[in-house]
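This report concerns only the one structure given below.
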Amino acid sequence: MSKVTSKNVLFIHGAFVSKVCWNNWVTYFESKGYKVTSPAWLYKEEAPEVLRSRHPNSEIAKLHLSDLIEQHTKIIRSMEEKPIIIGHSFGGLITQILLSMDLADAAVAIHPVPPMGVLPLHFSFLKATWGPLGFFTSAKKTFLFNMKQWKYAFANGMSNEETLSSYNELVVPESKFVARGALTKTARVNFKKEHNPLLIISGSKDNIIPAGLNYSNFKKYRQNGSVTDYKEFDGNNHSVLGLKNWRVTADYILDWIEKNR
């Protein structure tokens, strides 16, 4: 399909965290001449500490994956041209769905939650997602990571000080319906369909979305002439957006975009 032409970038953050995870990326991409949009998910506009103080949050608890797809679809349709969509984690899944809907000029999925049909059988994935999925608990109440869960899922390999800092900066309550939505037809992607350029990025130390799971996601795409690339970064955990080496990942993405222009 067509080469990348857009200078608009849409960042989509993931579940369990605030949009502030993209702050450094927004500034950096703008310095490279891109027009950046980085919205909060519905009902998550306020600061993380405020949202945590309201847990359980009945508004967030009612959210479904379909609501988030609709939210970002409306944002894209309000733009003058299709954006380059860059999503992390659950935002990566939404990115792949929007690409399949032909709403992206190009797409980058960073450590994405896999679409329906990619079997997540890795032990670390099952361990890290058991709490967020909240089976055998009420979906009327939001899920909020405790420090131990955050350490395993997002901050493994980081110091206790770094873990605490990242928790305070990022963590917000999440809808169990959203988390469970990845296991439903709403998370379906047409892997056979031609699509605009797609890059899937993984990290070798990611517990919640292991690199092997991202590679299985990548391999699902049919080789039909569409640009579909994969890159694994050694040593990166799921907090890739805020690691000390975040600019290495950002520069790789910027270079990939330029190569596909």
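The values are calculated or read from the model by the stated rules, or taken from the named source; none is laboratory data. Nothing here was measured: the structure is a model prediction, and the numbers come from that model. With ideal geometry, Cβ positions are generated from the backbone for all residues, glycine too; neighbour counts draw on all protein chains shown. When the accessible area is computed, the model is the full protein with side chains, heavy atoms only, and any ligands, DNA or RNA have been set aside. Shrake-Rupley method; radii C 1.70, N 1.55, O 1.52, S 1.80 Å.
Couple of notes before you dig in:
- Among H238, P83, T129 the positive-end extreme of the charge dipole of the chain (Cβ point charges): T129
- Segments 63-71, 51-59 sorted - mean Cβ within 10 Å per residue, highest first: 63-71, 51-59
- Rolling a 1.4 Å probe over the protein heavy atoms leaves F177 with an accessible area of roughly 70 Å².
- Estimated vicinal HN-Hα couplings, Hz - region 56-71 in sequence order (Karplus 6.51, -1.76, 1.60; Gly, Pro = x): x, 10, 5, 5, 4, 4, 7, 5, 10, 4, 4, 5, 6, 4, 5, 4
- Estimated vicinal HN-Hα couplings, Hz - region 217-232 in sequence order (Karplus 6.51, -1.76, 1.60; Gly, Pro = x): 4, 4, 5, 5, 6, 6, 6, 10, x, 6, 6, 9, 10, 9, 9, 10
- Under a model in which nothing but the beta-carbon of Lys, Arg (+1) and Asp, Glu (-1) is charged, the chain shows a dipole of about 700 debye around its Cα centre.
- Equivalent-ellipsoid semi-axes of region 1-120, from the Cα gyration tensor, Å, largest first: 24, 18, 13
- The alpha-carbon of K259 sits under 21 angstrom from the alpha-carbons of these lysines, leaving out residues fewer than 8 places away in its chain: K3, K7, K32, K35, K82, K231.
- For region 181-195, 3J(HN,Hα) per residue [Karplus equation, 6.51 cos²θ - 1.76 cosθ + 1.60, θ = phi - 60°, Hz, x = Gly/Pro]: x, 5, 9, 10, 5, 4, 8, 7, 10, 7, 5, 8, 6, 4, 8
- Entry comment: accessible area of the chain is 45 Å² per residue, from protein heavy atoms only and a probe of 1.4 Å.
- With the highest mean first, a sort of the peptides 81-91, 222-232 on other beta-carbon atoms found within 10 angstrom per residue produces 81-91, 222-232.
- Per-peptide packing, taken as the mean over residues of other Cβ atoms within 10 Å, places 36-43, 103-110, 205-212 in the sequence 103-110, 205-212, 36-43 from highest down.
- Inter-label distance for S165 and E45, nm, one decimal - labels placed 7 Å from Cα along Cα-to-Cβ: 3.0 nm
- Separation of alpha-carbon centers, region 24-67 and region 173-251, rounded to whole Å: 19 Å
- Close amide-amide hydrogen proximity is noted between V36 and V9, each under 5 Å apart and 5 or more residues distant or on a separate chain (H modeled in the peptide plane; Pro and chain starts excluded).
- Of all accessible heavy-atom area on the chain, the percent that carbon and sulfur account for (1.4 Å): 53 percent
- For region 53-151, average projected area of the Cα convex hull in nm²: 7.9 nm²
- Among (1) 20.8; (2) 18.2; (3) 19.3, the entry derived from the coordinates for Kirkwood radius over Cα pairs in Å: (2)
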